[in-house]
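Q: After the structure tokens below, expect a handful of questions from me.
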Amino acid sequence: MATINLPRIIRIGGGALAELPEAMAQCGLKRPFVVTDGFLVQSGMVAQLVAVLEAAGLTAQVFAETVPDPTVAVVEQALESLRWSGSDCVIGFGGGSPIDTAKAIAALALDPRPIPVMKAPAMTDVPGLPVIAVPTTAGTGSEATRFTIVTDEASQEKMLCAGLAFLPTIAIVDFELTMGKPARLTADTGIDSLTHAIEAYVSRRANAFSDAMALSAMKLIAPNIRTACAAPDNRAAREAMMVGAHHAGIAFSNASVALVHGMSRPIGAFFHVPHGLSNAMLLPAVTAFSAPSALGRYADCARAMGVAHQDEGDQAAVARLLEELAALNADLSVPTPRSHGISAAQWDELVPEMARQAVASGSPANNPRVAALDEIEALYGEVFG
Ligand SMILES: [Fe+2]
């Protein structure tokens, strides 16, 4: 038995942004509250969004103060603005952080309560205001997921919050919004989406629907990620990455992520490493650790990514997967925590707390090989570099 949840409307393709007002009209939405960040204001992209809305007679309120890894304080500030705005929906416009902020305030808008109340394993299913997600990076897949992440600055914990209240009603998936984005951002967000696809496929909660989406994502992302980084204006590569990231988001929203994400969030929380980058630091070692427990599944990943032949045995295919993940990190200049500038002493001191937070998030329990606390600590030691 599997339960599948998806956005009510997904508009996908180059130029899909222009169809946002029509999709809003299909849902009876008229007064949007836009959540975005300063960079997207500066780059003129927010003006582009507002112009699309205004051309359809829609006036938007804009909150542009979101920060990377949104904190409780920023979410509360955005919520306060939303309450005064009289808006009937929330548009998350940007990368994962604006979309996650939009989801959190939409869920709280009609029923204000402390944000940590929504932390996993709590489930927030009853909808608040409808969420509209318009991603400008090919990465988080947040436009298709029933998750949001808010950082509790008091405990330095990235709180995973789950439930249908966070699943966007409308997703606009327009790869043209990602054109020209810098290589580092493209690499980090691209590896995040590849990690979503692999983790959804090997997850203990995988099902036939999530498998199809995960395999599709791997087929799209793996052959295009290097091109999208090296040639930021390559439309075909950008489109493949955007659709791949979206399919990966659908996959993990319906199958969950696993050990890589569980271990990645604390690295982001304590050391402010971008989310995709901390995934990339972990992916090769965690895959090597997990593969013996799901050899056939990881071999399928290698074949979908195009790094192993269809007729190659599982053991050989998994070896090629591990080679490819190492090569990808090298080609995309992914640092180790040490070469990223993290002090060994601080890392070692925080490893037990990071391992505790990883397990508490619940994600590692979906891993094909469930790691004991000391094994997670050992993996943190192994990847430090
Ligand atoms: Fe992720």
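Q: Give me the one-decimal nm value for the distance between modelled label points at residue 353 and residue 73, 7 Å along each residue's Cα-to-Cβ direction.
A: With each label point 7 Å from Cα toward Cβ, the separation is 1.8 nm.
Q: Label-point separation (nm) for residue 310 and residue 323, each offset 7 Å from Cα along Cα-to-Cβ?
A: In this crude spin-label approximation the distance works out to 2.1 nm.
Q: Could you compute the FRET efficiency for residue 43 and residue 6, with r as their C-beta to C-beta distance and R0 at 30 Å, rounded to 0.05?
A: Taking R0 as 30 Å, the efficiency between residue 43 and residue 6 is 0.50.
Q: Taking the chain as the reference, fit the longest principal axis to its C-alpha atoms, fit the long axis of helix 45-55 to the helix C-alpha atoms, and give the angle between the two in degrees, 0 to 90, nearest 10.
A: Helix 45-55 sits at roughly 40 degrees to that axis.
Q: Taking amide hydrogens as modeled 1.01 Å from N in the peptide plane, which residues meet the under 5 Å criterion relative to residue 10, leaving out close sequence neighbours?
A: Close amide H contacts, sequence-distant or interchain: 171.
Q: Report in % the part of the accessible area of the range 155-253 that belongs to carbon and sulfur, leaving out ligands and nucleic acids; probe 1.4 Å.
A: Carbon and sulfur: 58 percent of the exposed surface of the range 155-253.
Q: Now for a separate question. Just report the Cα centroid separation between the range 94-128 and the range 194-237, whole Å.
A: 27 Å
Q: Under the rule of -39500 (n - 2.57) per DSSP H run of 4 or more residues, summed and divided by the residues of the chain, what mean residue ellipticity at 222 nm is obtained, to the nearest 500 deg cm²/dmol?
A: After summing the helix terms and dividing by the residues of the chain, the value is -16000 deg cm²/dmol.
Q: Averaged per residue, what accessible area in Å² does the range 294-366 show with a 1.4 Å probe, protein chains only?
A: Each residue of the range 294-366 exposes 46 Å² on average to a 1.4 Å probe.
Q: For helix 72-85, what angle does its Cα long axis make with the longest principal axis of the chain, in degrees from 0 to 90 and rounded to 10?
A: Roughly 20 degrees, rounded to the nearest 10.
Q: For residue 384 and residue 22, what does the FRET efficiency come to when R0 = 51 Å and r is the distance between their Cβ atoms, rounded to the nearest 0.05?
A: E(calc), rounded to 0.05, equals 0.55.
Q: By how many degrees, 0 to 90 and rounded to 10, does the Cα axis of helix 208-221 deviate from the longest principal axis of the chain?
A: 90 degrees
Q: Now for a different question. Hey, in the GNM for the chain with a 10 angstrom Cα cutoff, which one of 14, 190, 128 fluctuates hardest?
A: Sorting by GNM fluctuation, first place goes to 14.
Q: Same structure, new question: Which lysines have a Cα less than 18 Å from the Cα of residue 181, not counting those fewer than 8 places away in the same chain?
A: Reachable lysines: none.
Q: Take every DSSP beta bridge with both residues inside the chain and express the antiparallel ones as a percent of the total, to the nearest 5.
A: Just about 25 percent of them are antiparallel.
Q: Roughly what would the spin-label model give for residue 227 and residue 117, points 7 Å off Cα along C-beta, in nm?
A: 4.9 nm
Q: Also, quick follow-up: With a 1.4 Å probe and all protein chains left in place, how much accessible area per residue does the range 1-141 have, in Å²?
A: With all protein chains present, the range 1-141 gives 43 Å² per residue.
The values are calculated or read from the model by the stated rules, or taken from the named source; none is laboratory data. Since we're looking at a predicted model, the values are computed, not measured. Note: ideal-geometry Cβ built from the backbone for every residue, glycine included; neighbour counts use all protein chains shown. All accessible areas refer to the heavy atoms of the entire protein, side chains included, with ligands and DNA or RNA removed. Shrake-Rupley method; radii C 1.70, N 1.55, O 1.52, S 1.80 Å.
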